[in-house]
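Beneath this line is the structure, given in structure tokens, with notes to follow.
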Amino acid sequence: MMEFNHKPVLFDETIDALNIRPNSIVVDCTTGGGGHSAAALEKLGSSGRLIAIDRDPDAIAVLKERFAGDERVTLVHDTFFNIELILHRLGVEKVDSIMADLGVSSYQLDTPERGFSFHNDALLDMRMSKEGRSAADLVNELSADELKRIIYTYGEEKFAPRISAAIVRERENGRIETTLQLAEIIKSAYPAAARRDGHPARKTFQALRIEVNGELSNLDSSVRAMFNSLSSGGRLAIISFHSLEDKIIKNAFSDFTVGCTCPPDFPVCVCGKKPQGKTFKPKTATKEELEINPRSRSAKLRTIEKL
């Protein structure tokens, strides 16, 4: 069996937040190695149902073995961007709990040939689905302005103009094919004084990964589709790993909690709007978890319940 070791962050907090009831329907939008899903199954009882979604074919192969013979589990090789379509195809109208653990998995980062990491040399790939345009395609084909926009917007990288210019300059000598090749180009574009603040390539690699996988461009509509797929009293719990993701989730959740929008001087409400959901205090990793799994340092869990 292929090793797909993903250490789920905020593990207990997520399972608790979902408030899983026996014999209900749970959707895991980013199943990965199945850690959160396995815990959900323990709470579901004999008649519950788990719909496990992942876009990574490696994850699906592992999940087929892990949950083989468990009739409660429906595996779906797709992206959660299509959650409403997935549920429609399965003949499911509403579900009781939905979870999503965003970002890249430990397996994807720690498998050099997937091309996500700047620590190992490999083909510059970064495709979670193993389909579509790779990171190499982007760095070799996009204009300097497009690269700058992606690196600045999705990486929050202040040296984006210098990095994009260096990439365009370097590719005139031949195609940029590998992770270390790109990491060296980024490093060369970085001011020496700024190199002390972590690896120079970190923000650019994050930005390219987000662009390759459409992680932010589809997130707002996906969060709203997840909420719309909940039954009354159902809960949605999402773990994000950087401020850009968290802001999108926070804003969407906020929209669902808004009630009356009438002007304050109206004596009675005429709009009839009522809050659709209630949120809970966000959770971050404990000191103990941070010591075991440093990758959890930027994780934030937000939960909303449908009223």
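Within segment 63-98, track down each residue that is open to solvent by less than 50 Å² (accessible area, probe 1.4 Å), in a loop (DSSP other than H, G, I, E, B) and either within 17 Å of LYS130 (Cβ to Cβ) or of a type in the set (Lys, Arg) (or both).
The answer is ASP78, THR79.
Out of segment 274-307, which residues are of a type in the set (S, T, N, Q) and at pLDDT below 95?
THR286, ASN293, SER296, SER298
Considering every residue within segment 155-166, establish whether at least one is closer than 22 Å to LEU244 by Cα, of a type in the set (S, T, N, Q) and buried (at least 19 other Cβ atoms within 10 Å of the Cβ).
There is at least one residue in segment 155-166 that is closer than 22 Å to LEU244 by Cα, of a type in the set (S, T, N, Q) and buried (at least 19 other Cβ atoms within 10 Å of the Cβ).
Determine, yes or no, whether ASP58 is acidic (Asp, Glu) and open to solvent by 40 Å² or more (accessible area, probe 1.4 Å).
No.
One residue is enough: does segment 53-60 have a residue meeting the conditions touching a residue at least 40 places away in the same chain (Cβ under 8 Å) and over 22 Å from VAL223 (Cβ atoms)?
yes
Looking only at residues in segment 1-39 that are of a type in the set (Asp, Glu) and modelled with pLDDT under 95, which one is farthest from the chain's Cα centre (by Cα)?
Taking the candidates together, the pick is GLU3.
Got a number for residues in segment 122-143 being more than 19 Å from the chain's Cα centre (by Cα) and among the charged types (D, E, K, R)?
2
Out of (1) at pLDDT 95 or above; (2) within 23 Å of the chain's Cα centre (by Cα); (3) not aromatic (Phe, Trp, Tyr), what's the single condition that is false for HIS119?
(1)
For ASP101, indicate whether it is of a type in the set (Asp, Glu), under 14 Å from the mean Cα position of the chain (by Cα) and either open to solvent by less than 30 Å² (accessible area, probe 1.4 Å) or on the phi > 0 side of the Ramachandran plot (or both).
Taking the combined requirement at face value, the residue satisfies it.
In segment 107-137, how many are open to solvent by less than 10 Å² (accessible area, probe 1.4 Å) and out of contact with any helix residue (DSSP H, G or I) (no Cβ under 7 Å at 6 or more places or on another chain)?
So the answer is 1.
The values are calculated or read from the model by the stated rules, or taken from the named source; none is laboratory data. The structure presented is a predicted model; accordingly, all values stated were derived computationally and were not measured. Backbone-built Cβ (ideal geometry, glycine too); neighbour counts: all protein chains shown. Ligands, DNA and RNA are stripped out before the accessible areas are found, and what is left, the full protein with its side chains, is counted by its heavy atoms. Shrake-Rupley method; radii C 1.70, N 1.55, O 1.52, S 1.80 Å.
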